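Every number here is computed from the coordinates shown, using simple stated rules; none is lab data. Just so it is clear, the model here is predicted, and its values are computed rather than measured. Here the Cβ positions follow ideal geometry from the backbone for every residue, glycine too, while neighbour counts run over all protein chains shown.
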Amino acid sequence: MALTLVLNDFSGPLDLLWHLIRTNEVDIYDIPIAQITSQYLDYLHQMQDLRLDVAGDYFVMAASLMALKSKLLLPQAAPEEPADTDYVDPRADLVAQLLTYQVYQEAAGDLKAYEQARARSYAKPETLPSADVQVPMSPGAVKLRDLTAAMTAVMQRQLATAQTIAHIEAEPISIAERINEVLAELARWHTCNFERLIAAHTVEGVVTTFLAILELMKNDQIECEQPEPFAPITVMMKEVA
């Protein structure tokens, strides 16, 4: 079978062998060593005729192929003789190398496809707003720090009078229970002063109520307003659209 080989187009002896096997359309598990060896040597001769540098790996592979060819040309056992159960195909090592090479070639092809796909994409650098940019808020909107400051004021008053109040142990109230109580209070009065709403006999009660209010705000069930800076904060039920 006549082959046209592009010289210097192979990355090594396995690459050349793989090309010959695919071109001849032979079974990799049943390589015709005599045919492949002949074509491989023809390729080396072409390189030498053109005075191209041939890496030593190509000659090592050529020697291995000729050794395999010699083994396969040895006389086989007569039909009447028992078969050798320990027989190992001399081509087994070469087949294993070619199969491993095929795996790496397929992986290289996938990586090449990813590279080409990535080359067609453009990554926009991230853009972050400047630190001194101020986002305008709607009139009456309450910042989290305002709520925190109001809660801190209530807690400071609570701690200041803690020594004069008799403590009675009670079952702790959960945030879910306090949410229901806040909703019930607002359903009754519609609006309520924030400090009055979170006032409690214990610090734990203040914190629980504050967390309940934050959860209701996150769920868009209530809203807080502050007419002007440092003015009392009003909590009200959110109007249902």
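Worth pointing out:
- The peptide list 115-128, 219-232, put in order of mean Cβ contacts within 10 Å with the highest first, becomes 219-232, 115-128.
- The order of Y58, Y29, going from fewest to most other C-beta atoms within 10 Å of their C-beta, is Y29, Y58.
- Reachable lysines from K124, criterion Cα separation under 24 angstrom, eight or more residues apart if same chain: K112
- L128 paired with A231, simple spin-label distance in nm, labels 7 Å along Cα-to-beta-carbon: 3.6 nm
- By average C-beta atoms within 10 angstrom, highest first, the peptides 61-67, 172-178: 61-67, 172-178
- Separation in nanometres of the label points that stand 7 Å from Cα toward Cβ, at D27 and E239: 8.3 nm
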